[in-house]
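See below for the structure under consideration.
Values in this text are rule-based calculations from the coordinates and carry no lab data. Every value quoted in this text rests on a predicted model; they were computed, and no experiment measured them. Note: ideal-geometry Cβ built from the backbone for every residue, glycine included; neighbour counts use all protein chains shown.
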Amino acid sequence: MLGEYMITGGRAVDIAASVEQGVGSGELAPGQLLPPMRELAARLEVNPNTVAAAYRTLRERGVIETDGRRGSRVRPRPATTARGSLRVEAPPGVRDVGKGNPDPALLPRLADAFAEAVRMYGENPGMYGELPVLPEFGALARAAFAADGVPEGQIVVTSGSLDAIERVLAAHLRTGDAVGLEDPGWGSLLDLVPAIGLRTVPIGVDEDGPLPAAVERALRAGIRALVVTARAQNPTGAAIGEQRARELRALLAAHPDVLLLEDDHGHAFVDVPLHPLAGTTHHWAVVRSVAKAYGPDLRVAALTGDPITTDRVAGRQRLGPGWVSRLLQRAVVHLWSTGAVDTPSVARSYGERRSALVTALAERGIVAYGRSGMNVWVPVSDETGAVTRLLHAGWAVAPGARFRTDAPQGVRITVSPLTPAEIGPLADAVAAAAGPARPISYG
């Protein structure tokens with residue numbers, strides 16, 4: 001079962017360390033099955049509860065995963081090899097279109113916002129025991145959610161979308177629970193879910209978001225939670241339309257105990273309407289970060305949801321960091337209240353670049369997707385080869401492996417840094433690197 005590698009240790013901490021050492025050295029390969037707990041306990045001459053504690057620690061650290069009677073095995077992607085490491089660093093002279101960052105020229109100036117936050121801090125310094133959410137922040141966030149049809153709910157402030165999603169999952173799920181995730185989807189989320197001891201169930205997507213048939217299969221298979229991207233899906237640019245939202249609501253209504261999380265990170269930089277699914281199940285949450293529209297270093301997100309979910313998240317947050325800096329909240333309030341981001345203009349700018357690239361690729365026989373946001377997804381038959389050839393041609397793109405579980409191969413291109421003059425040369429390079437491709441169904 002383990003080949004030549006021998007797990008050692010007399011305490012849970014030592015057994016866990018032995019497994020981690022084997023994973024780190026490569027002697028325990030991704031996907032390798034570990035001994036049943038009683039078998040390993042007999043071999044090490046320890047109590048089975050000691051091995052159980054070691055395996056529990058390894059699951060919580062994202063090193064192994066457990067699938068019922070099938071036993072425990074090393075994760076296909078251990079937490080020590082996060083998807084973020086699967087990036088192509090652009091050497092000098094190579095144009096980088098793979099990082100996924102917004103266009104700095106479309107981000108608002110932050111000097112005035114922070115100056116106002118500091119001025120107000122001088123008048124009323126933030127202290128222990130004050131409200132974790134500034135009333136002004138809560139009111140503006142609540143009004144924005146309501147304008148888009150998101151049900152009424154308490155506002156919680158978190159340090160970005162991923163922080164919010166992790167807190168919501170932790171508030172409801174237990175180790176080993178299954179979570180439905182978009183495939184291809186956000187690489188950081190695909191890393192996070194197994195790292196906190198949960199199981200990933202891939203759900204295919206098209207330009208309208210999660211495929212109903214894939215969602216239905218996952219629901220019938222017993223997922224405890226479903227995470228969807230409302231708009232500007234990373235990496236495909238998918239956006240949930242009205243008809244797709246209606247279909248997904250009907251499916252979720254038949255499974256009201258499933259936790260639903262909607263990530264609307266596209267708020268304020270996309271112009272496609274939001275069609276929320278929130279309220280269809282007993283427990284739900286919608287999160288909006290300010291990273292893409294206002295700046296990635298503003299680690300602030302607004303979260304709302306059903307009363308139990310928001311109470312649990314807020315309560316657990318109080319026992320940890322306590323609150324997200326009210327200085328940051330004040331800066332965001334200033335940005336929101338002064339209309340610092342011209343959403344139609346920003347959305348139009350990204351849209352023109354996406355459309356130009358998708359059209360140029362189509363003219364060269366290359367299928368590409370990018371309905372909203374700042375990314376274009378290009379299916380390819382040889383992902384590694386395409387990335388390498390593009391690099392030699394002077395373009396660094398993001399390997400699709402960062403975003404895929406079971407989905408076919410592809411590459412992600414971020415249009416944010418592109419100028420009109422670069423669209424044609426980039427399309428030529430992609431066509432030469434990828435070759436003609438047929439549309440691919442991600443079901």
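Our estimate of slack between ASN101 and SER325, defined as 0.36 nm per intervening residue step minus the Cα-Cα distance, is 78.3 nm. The label point for ARG174 and the one for ALA147, both projected 7 Å from the Cα toward the Cβ, are 4.3 nm apart.
For region 111-337, a/c is not less than 1.5, where a ≥ b ≥ c are the root eigenvalues of the C-alpha gyration tensor, and a/b tops b/c. That puts it in the prolate class. Sparse packing (at most 16 other Cβ atoms within 10 Å of the Cβ) combined with a DSSP loop state is found for the following chymotrypsin sites (Phe, Trp or Tyr not before Pro) in region 109-150: TYR128. For a test of the definition: using alpha carbon positions, the gyration tensor, and the 1.5 limit on a/c, classify the chain as rounded, prolate or oblate. Oblate, because a/c is 1.5 or more while a/b does not exceed b/c. Here the extension length gained between LEU33 and LEU131 equals 30.4 nm, from 0.36 nm per residue of separation less the Cα-Cα distance.
For the pair ARG43 and ASN124, the difference between a 0.36 nm per residue extended length and the Cα-Cα distance amounts to 22.8 nm.
For the chain, the longest piece that avoids every one of the GluC sites (Glu not before Pro) found in DSSP loops with at most 14 other C-beta atoms within 10 Å covers 153-443. Within the shell defined by Cβ-Cβ distances under 14 Å, the residues around TRP336 carry a net charge of -1, with Lys and Arg each +1 and Asp and Glu each -1.
The helix-based estimate of mean residue ellipticity at 222 nm for the chain, built from -39,500 (n - 2.57) per DSSP H run of four or more residues and divided by its residue count, is -12500 deg cm²/dmol to the nearest 500.
Across the chain, C-alpha contacts under 8 Å between residues 6 or more apart give a mean separation that, scaled by the residue count, equals a relative contact order of 19 percent. By the gyration tensor of its Cα atoms, with a ≥ b ≥ c the square roots of the eigenvalues, what is the shape of region 12-81: rounded for a/c under 1.5, prolate for a/b over b/c, or oblate? Here region 12-81 falls in the prolate category. Computed from label points 7 Å out along Cα-Cβ, the spacing between ALA52 and ASP297 is 4.9 nm.
What you get for the chain, charging only the Cβ of Lys and Arg (+1) and of Asp and Glu (-1), is a dipole of about 620 debye around the Cα centre. In this structure, ALA111 and ILE308 have a Cβ-Cβ separation that, at R0 = 41 Å, corresponds to a calculated FRET efficiency of about 0.50.
Under the simplified labelling scheme, the ALA17-ARG70 pair shows an inter-label distance of 3.2 nm, with each label point 7 Å from Cα along Cα→Cβ.
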